[in-house]
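Trainee: Can you keep this structure in mind? I'll have questions shortly.
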Amino acid sequence: MFGFDVRKRMGMTPNQKRWGFAIAAVLLAVCFILYGINHRHVSGHVASVHYSYRVNGKPTFLNLGRRYPFQEFTVVIWGEDRDKFQPSPETLYGGKNIRVTGRITSFRGRLEIVVTSPSQIEIE
């Protein structure tokens, strides 16, 4: 933004940088929740997909950016909506770049969108 890396100029250690990113993510989540800036588009690479068929609600998780538990964003498809996705979400979206539209919420400090329809996810 300013033509140089502010963190490098300030002499931050790698650990301080990680904490800086974590704090920024939490502040972003708080802004989304408090100020209603929550119906948006999110784009990213699907780093991993996990279908939790043994868990209550049978969710499918699309982890964007990095694999679980270090994902930057999560897309959740509940079991009741999973049949709408043909073929399965693992086949449709695994390893691809997607754009998701929906209400951004926070669950246990992580940002996520719950998807109820395939029309909410575009393959880029």
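Please treat every number below as a calculation from the coordinates, not as lab data. Nothing here was measured: the structure is a model prediction, and the numbers come from that model. Note that each Cβ is placed from the backbone with ideal geometry, even for glycine, and that neighbours are counted across all protein chains shown.
Trainee: With the Cα gyration tensor of region 38-123 giving a ≥ b ≥ c as the square roots of its eigenvalues, does the rule (a/c under 1.5 for rounded; else a/b larger than b/c for prolate; else oblate) give rounded, prolate or oblate? Each step should come with its number before you reach the end.
Mentor: Numbers: a/c = 1.20, a/b = 1.12, b/c = 1.07.
Rounded.
Trainee: Still on this structure, I have one more. Fewest first, what order do THR74, THR116, THR91 take by the number of other Cβ atoms within 10 Å?
Mentor: Going from sparsest to densest Cβ surroundings: THR91, THR116, THR74.
Trainee: By count of other Cβ within 10 Å, fewest leading, how are ILE123, ILE77 ordered?
Mentor: On the way: ILE123 10, ILE77 27.
Starting with the residue having the fewest Cβ neighbours, the order is ILE123, ILE77.
Trainee: Next question. Quick check on the exposure proxy: order TYR93, TYR51, TYR68 from fewest to most C-beta atoms within 10 angstrom.
Mentor: Working: TYR93 22, TYR51 16, TYR68 13.
Starting with the residue having the fewest Cβ neighbours, the order is TYR68, TYR51, TYR93.
Trainee: Take the Cβ-Cβ distance between ILE123 and LEU27 as r, set R0 to 30 Å, and report the resulting FRET efficiency rounded to the nearest 0.05. Please report the intermediate quantities before stating the final value.
Mentor: Values: r = 31 Å, r/R0 = 1.02.
Between ILE123 and LEU27 the formula returns 0.45.
Trainee: With both partners inside region 38-123, how many of the DSSP beta bridges are antiparallel, as a percent to the nearest 5?
Mentor: Values: 24 of 28 bridges.
The answer is about 85 percent antiparallel.
Trainee: Note the full-extension length gain between SER52 and GLN86 as 0.36 nm times their separation in residues minus their Cα-Cα distance, in nm to one decimal. Intermediate results must be reported in sequence, preceding the final value.
Mentor: Numbers: separation 34, 0.36 × 34 = 12.24 nm, distance 1.76 nm.
The span from SER52 to GLN86 would gain 10.5 nm if fully extended.
Trainee: Right, next: Taking the mean number of other Cβ atoms within 10 Å as a proxy for protection, how do you rank 57-66, 103-112 from highest to lowest?
Mentor: Highest-to-lowest ranking by the protection proxy: 57-66, 103-112.
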